[in-house]
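Structure, as structure tokens:
The values are calculated or read from the model by the stated rules, or taken from the named source; none is laboratory data. Small disclaimer: the values here were computed from a predicted structure and weren't measured. Don't worry about glycine lacking a Cβ; one is built from the backbone with ideal geometry, like all the others, and counts go over all protein chains shown.
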Amino acid sequence: MSSKKFHPSALHEKPGIPAPETISGYAVQHIQKFRKLQPSANELVAGILNGNITALSRAITLVESTSSAHLAKANEVITSCLPHANKSVRIGITGVPGVGKSTFIEAFGKYLTGLGKKVAVLAVDPSSTISHGSILGDKTRMEELVKDENAFIRPSASGDTLGGVARKTRETITLCEAAGFDTIIIETVGVGQSETAVHSMVDFFLLLKISGAGDELQGIKRGIMEMADAIVINKADGDNVKRAHLAKVEFNRALHLFPAKKSGWTPTTAACSAITQEGISEVWTTIEKFLTLTKGNNYFFEKRKEQNQYWMLETINEQLKSNFFSNPGIQQSMAVTKKAVQNDEISPFAAAQKLLETYFKKE
């Protein structure tokens, strides 16, 4: 018989520590009961219209849910909020990673709340293609703005959405507008994917750049520049001021090579520093000039009508895709078809056509 002593694993479970007497049992029960309660659609709408941030946050979570059980309730909330929406200016902000989008938005947002405006920031964080997780750290990076009572920051995961815009960002805008926010800022994950999505839900599209990141004309995608209503060179402070203003001149020359915009607006360039606040007020002045022009020639309102149509069609595409991949018959055929494609027994195009025919026959 071995004389070796048995040592229990350090990973074994130990008895729980009893709650101290300072914790009220009634309070614990009340909190647990409250967490289990799910407010009705009417209660959420009432809270949103009263500017209740908790109700707004819960409604956004409901809208972002991929559960089919939440779809009807989410649609009811959005429909009830629609008559109270469309009273804000929507600003899209994009730029390469590291350009200082979050720092700029915090400085810009603080400036706007200082003018008495209510600002909602819808920050989209990139999702990992491996773990599918997101850090959602925008509130941490905007530590001053997040404490402002006239500001609301909502980070969302981009998921597999093209363009770095969260799946339900368009509906979230409606909820924020109904809650009384008159300025909606949408921050994308950065240039690299199609930015058409964010451009199709905002009134003003702002492109942030930095100097010294390479050739000023080749280091940017032409499509992004054509969509931009203004280009702002950020980080124009310290030793970088001269380079930033040189970059501003180069971008201004490049903008003149593009066709005129339907809006009648001529895109502008500017330099600013989110750290020193230099140039922040000028950005808002530019946006105000844009709004005056586009509302005066009716482009502003026509563009919003076109955007509504665009998102109707996008929603149909998304729903069709979701229904296709969740169809039991397709799920059964998918594995076999994938294997056949991998083994070159059938072309990818013929395989796709076969699956689509199977789907529509079952429908």
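Values for this structure:
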read-out	value
The stretch 59-103: number of residues that are among the basic types (Lys, Arg) and touching a strand residue (DSSP E or B) at 6+ places or on another chain (Cβ under 7 Å)	2
Selected residue [over 30 Å from LYS321 (Cβ atoms) and either at pLDDT below 85 or surrounded by fewer than 19 Cβ atoms within 10 Å (Cβ to Cβ) (or both)] from ILE220, ILE231, ILE224	ILE220
Considering residues of the stretch 318-328 that are assigned to a helix (DSSP H, G or I) and among the polar types (S, T, N, Q) only, the residue nearest to PHE108 (Cα to Cα)	GLN319
Residue match in the stretch 113-125 (condition: over 24 Å from ASN308 (Cα atoms), in a helix (DSSP H, G or I) and in contact with a helix residue (DSSP H, G or I) (Cβ under 9 Å, 6 or more places away or on another chain))	yes
Some residue of the stretch 72-80 being in contact with a helix residue (DSSP H, G or I) (Cβ under 7 Å, 6 or more places away or on another chain), polar (S, T, N, Q) and either outside any loop (DSSP other than H, G, I, E, B) or at pLDDT below 95 (or both)	yes
Residues located in the stretch 337-351, provided they are under 22 Å from LEU320 (Cα atoms) and out of contact with any helix residue (DSSP H, G or I) (no Cβ under 7 Å at 6 or more places or on another chain)	LYS338, PHE349, ALA350
Residue ID - modelled with the highest pLDDT, chosen from residues in the stretch 33-71 that are over 19 Å from ALA178 (Cβ atoms) and of a type in the set (D, E, K, R)	LYS33
First in the stretch 198-212 and without any contact (Cβ under 8 Å) to a residue 40 or more places away in the chain, second anywhere and crowded, with 21+ Cβ neighbours inside 10 Å and not β-branched (Val, Ile, Thr), Cβ under 6 Å, 6 or more apart	SER211/ALA244; SER211/ALA247
Flag for LYS338 being loosely packed, with under 12 Cβ neighbours inside 10 Å, assigned to a helix (DSSP H, G or I) and not acidic (Asp, Glu)	no
